[in-house]
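Read the structure below first, then the notes.
The values are calculated or read from the model by the stated rules, or taken from the named source; none is laboratory data. Just so it is clear, the model here is predicted, and its values are computed rather than measured. Reconstructed Cβ throughout: ideal geometry from the backbone, glycine too, with neighbour counts over all protein chains shown. Remember, those area values only see protein heavy atoms, side chains included, never the ligands or the DNA or RNA. Shrake-Rupley method; radii C 1.70, N 1.55, O 1.52, S 1.80 Å.
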Amino acid sequence: MYALQTKDLVSNGDFGHDDTLFGLIADDIYQQGYSIRHNALPDSLVQALTIQQQAIPSIKFKEAGIGRDNLYAKNEFVRTDEICWITGETEAGQRWLNWATALQVFLNRRLFLGLFSFESHFAHYGPGNYYKRHVDAFKGEANRVLSIVVYLNSGWALHNGGELVLYKSDTDKEGVKVTPLQGTIVAFLSEEFPHEVLPAKRDRYSIAGWFRVNTSNKDKVDPPV
Ligand code: OGA
Ligand code: MN
């Protein structure tokens, strides 16, 4: 069992047509803290998101920064991709958010993760772009709990580079390489798995998202409204 703060696995209720996939993702996370599933995101959703992403004018993609709020800083040494947040204003965006919410509900019931909110963005890595080794959340901050990445690239070849490398610990130097192929879903505990995106040799499109817990107190509302 992976070191999650869970009670125990509970039986599967009726969560609709994505039940099987959600169950596999939950089992993977329970056993190893991460899940890599190919051809996993429903095809029609992949198509809708691909069309949506292609329709975003390049001006709406912003150079990605690191950190939140006042800590937000652009740092070309760390990452050179560009991003566009998904707000649900478009039908495809809303369908994606609905899918993510269904996964959130499932994982909360199955693994007692207490996931509270979800944020996500399209990302575009042009040729040569990368994202150096990093973690999505820092221990103790208990903020981003689960990271999810899905890919929108049809026909990605080995020589196109751009793999996600997921490291199993702070000291792991080898990692697991994931080809950013259309429909592949990667989910992992945000604090536990350093990861990086190797330089892509062609345009690389993905969606990255984070499920967060509610760490609000009387002085601070988090996630911000
Ligand atoms: C991120 C990230 C991985 C990927 O945006 O934080 O690690 O494969 N993305 O796009
Ligand atoms: Mn990341």
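List of remarks:
- Annotation: of all residues in the range 131-161 being in contact with a Pro (Cβ under 7 Å, 6 or more places away or on another chain) and near ligand 1 (Cβ under 10 Å from one of its atoms), the one that is most open to solvent (accessible area, probe 1.4 Å) is Arg133.
- Cross-chain or 6+ apart pairs with Cβ under 7 Å, the range 134-160 first and under 18 Å from Ala48 (Cα atoms), then at pLDDT 95 or above and among the aromatic types (Phe, Trp, Tyr): Leu152/Tyr205; Asn153/Tyr205
- Scan the range 92-120 for residues that are buried (at least 19 other Cβ atoms within 10 Å of the Cβ) and within 16 Å of ligand 1 (Cβ to nearest atom) and the total you get is 4.
- Residues located in the range 175-202, provided they are over 15 Å from the mean Cα position of the chain (by Cα) and within 13 Å of ligand 1 (Cβ to nearest atom): Gly175, Val176, Lys177, Leu198, Pro199, Ala200
- Selection from the range 77-91 of residues that are surrounded by fewer than 19 Cβ atoms within 10 Å (Cβ to Cβ), assigned to a loop (DSSP other than H, G, I, E, B) and more than 12 Å from ligand 1 (Cβ to nearest atom): Phe77, Thr87, Gly88, Glu89, Thr90
- Applying the criterion of at least 1 residues that are hydrophobic (A, V, I, L, M, F, W, C), at pLDDT 95 or above and more than 10 Å from ligand 2 (Cβ to nearest atom) to the strands (runs of 3 or more DSSP E) found wholly in the range 130-221 leaves 144-151, 164-166, 176-178, 185-189, 204-212.
- If you go through the range 1-38 and keep only what is among the polar types (S, T, N, Q) and modelled with pLDDT under 95, you end up with Gln5, Thr6, Ser11, Asn12, Thr20.
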